[in-house]
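**Student:** The structure follows.
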Amino acid sequence: MKVKLFISLLLLLLGTSFLNADTQTRFENSNFTLSDTQEHYNYNRSRLRVDYQQENYFATLIGDVLNYYGIDSPLIAVADTPLAIKSRQKEYENGSLYAKVHRLYGGYEDEDNRIVLGLQNITMGVGRLWNPTNIFNPRYTYALEPDETLPVLALSYTRHLSSTSDISLIASQKNDLTYKYALRYKSFTEYGDIAFNTILSEQTTMLGYELESNLADTGIEVRSEGAYVNAKIKQISSSEERELYQAILGADYGFVNGLNLTLEALYSSNAFNQREILLNSDSEIFSNLSDSQLYVGGVLSYPLNIFLNLSVSYIESFITHKSHFVSPNVTYTLNDFNSFSLGALIQDGDAKNILYFNYTLSF
């Protein structure tokens, strides 16, 4: 009944926005050829995005068709929503194919209010590598595409209290039909931006903060984000409540020659072993379950010219578990519609090192 109510409200909202609406359509195809020490395979994603705008009403649909070739069916993360957003996977010789809804939402926005209903991305946090406060759409730092976050079925409302502050309310329905709620207050001051977040569900309580500011006239942007989390953690035959404190400290600086440097550190009060992490792979705070208490990372990027860009990401873990992760990348942008990338994902432990080539076409 709750799911039907969500769908009915969304369809009503979309129907309103579609009436005499301006339409923008974009198609993008990303093809990855990947290689590790054991196998070679191909991953292709075709994405259609349709945006509607009519006065203060808007709606967005993003749909994907994904194909894996050369490997068995991969372990695919499932969005924690009550809606079946993914089609049945079609297996064929040496590959698999399926379709999914990546985003589907509609809403209304004016000078003082913004309301969005549907499968959407909830943005929280100021971290570039880690976002301990975001347990809606966590970023996957070590993934091939870190920003490809799963959608949540939510109703979000933002009220602009003034030109320097706003407040947001979020209600998200999960796969088990329970709800997750969030309250966020953000203020823009002369010294920087500050926000306070609260997230509540049956399994989790999170209290967090965000800070972002320029360091005097140096051109350095500094930021911090922290979270206190109390959550139910699964054990082999039971579950227990655990408290966790996490915080990041980071900085960005752009040099006059175009070189950009991002530095960030993540501290966690607890470290989790691999058994606990695997047992809680479907947990709301899975992205917060780290196997080390301290991580330090950086991203360095440099445009050789208007077509060629070089970048490298590096992450080192300390204290509890020592390891490192390196991801170099070179991207050639032919024009507004075609780009080519060559890169690698190299890390310690049981994870496979991956070399990849990506071609992206869009129009």
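The values are calculated or read from the model by the stated rules, or taken from the named source; none is laboratory data. Remember, predicted model here, so these are calculated numbers, not experimental data. Backbone-built Cβ (ideal geometry, glycine too); neighbour counts: all protein chains shown. In case anyone asks, the SASA skips ligands and DNA or RNA and just uses the protein heavy atoms, side chains included. Shrake-Rupley method; radii C 1.70, N 1.55, O 1.52, S 1.80 Å.
**Student:** Eigenvalues of the Cα gyration tensor times 5, then square-rooted: what semi-axes does that give for region 136-293, in whole angstrom, largest first? Show your work: numbers first, answer last.
**Tutor:** Values: eigenvalues 177, 95, 42 Å².
For region 136-293, the ellipsoid semi-axes come out as 30, 22, 14 Å.
**Student:** I need the peptides 129-137, 340-348 ranked by packing, meaning the mean over residues of other C-beta atoms within 10 angstrom, with the highest value on top. Please list the in-between numbers first.
**Tutor:** Working: 129-137: 25.7, 340-348: 16.2.
So the order, starting with the most tightly packed, is 129-137, 340-348.
**Student:** Counting only protein heavy atoms and a 1.4 Å probe, tell me what percentage of region 25-107's accessible area is made up of carbon and sulfur.
**Tutor:** Working: 2350 of 4550 Å².
Looking at region 25-107 in its full context, I get 52 percent from C and S.
**Student:** Of the residues TYR191, TYR52, TYR43, which exhibits the maximal mean-square fluctuation in a Gaussian network model of the chain defined by a 10 Å Cα contact cut-off?
**Tutor:** For the chain, modelled as a Gaussian network with Cα springs under 10 Å, the answer is TYR191.
**Student:** Keeping every protein chain present and rolling a 1.4 Å probe, give me the accessible area per residue for the chain in Å².
**Tutor:** Details: 19460 Å² over 363 residues.
I get 54 Å² per residue for this part.
**Student:** Volume per residue, Å³, of the convex hull around the alpha-carbon atoms of region 300-363?
**Tutor:** Details: hull volume 5.6 nm³, N = 64.
Output value, Cα hull per residue: 88 Å³.
**Student:** Å³ per residue of the Cα convex hull, for the chain?
**Tutor:** On the way: hull volume 59.5 nm³, N = 363.
Per residue, the Cα convex hull of the chain comes to 164 Å³.
**Student:** How compact and how long is region 14-148, expressed as Rg and Dmax of its alpha-carbon atoms in Å?
**Tutor:** Rg and Dmax of region 14-148, Cα atoms, are 17.6, 55 Å.
**Student:** What's the long-distance tail for region 82-147, i.e. % of Cα pairs beyond 14 Å?
**Tutor:** Numbers: 1573 of 2145 pairs.
Roughly 73 percent, rounded to a whole number.
**Student:** Could I ask something else about it? If exposed trypsin sites (Lys or Arg not before Pro) are those in a DSSP loop with at most 16 other Cβ within 10 Å, what is the longest stretch of the chain that has none?
**Tutor:** On the way: sites that count: ARG88, LYS322, LYS352.
It works out to 89-321.
**Student:** Grab the DSSP H runs of the chain that are 4 residues or longer, score each as -39,500 (n - 2.57), total them, divide by all residues and round the 222 nm result to the nearest 500 deg cm²/dmol. Spell out each step's value before the answer.
**Tutor:** Numbers: 2 runs with 23 residues, N = 363.
Rounded to the nearest 500, the figure is -2000 deg cm²/dmol.
**Student:** How large a share of the accessible area of region 203-317, in percent, is made up of carbon and sulfur atoms when the probe is 1.4 Å and the other protein chains stay in place?
**Tutor:** Using a 1.4 Å probe with all protein chains present, region 203-317 comes out at 61 percent carbon and sulfur.
**Student:** With 5 Å bins from zero, work out the P(r) of region 170-209 over every alpha carbon pair and list the percent per bin.
**Tutor:** Result, from short to long distances: 7, 21, 25, 17, 12, 9, 6, 3, 1 percent.
**Student:** According to the square roots a ≥ b ≥ c of the eigenvalues of the Cα gyration tensor, what is the shape class of region 116-178, taking rounded for a/c under 1.5, prolate for a/b larger than b/c otherwise, and oblate for the remainder?
**Tutor:** Oblate shape, in that a/c is at least 1.5 and b/c is the bigger or equal ratio.
**Student:** Under the Kirkwood approximation applied to all pairs of distinct alpha-carbon atoms, what is the hydrodynamic radius of region 97-210 in Å? Show your work: numbers first, answer last.
**Tutor:** Working: mean 1/r = 0.0654 Å⁻¹.
Kirkwood radius, region 97-210: 15.3 Å.
**Student:** Then there is this: Considering only the other residues whose Cβ falls under 9 Å of the Cβ of LYS322, what net charge follows from Lys and Arg at +1 and Asp and Glu at -1? Please list the in-between numbers first.
**Tutor:** Numbers: positive: none; negative: GLU316, ASP348.
Summing Lys and Arg as +1 and Asp and Glu as -1 gives -2.
**Student:** Just to be sure I follow the rule: in the chain, considering lysines 8 or more places apart or on different chains, how many pairs have Cα atoms under 24 Å apart?
**Tutor:** 19
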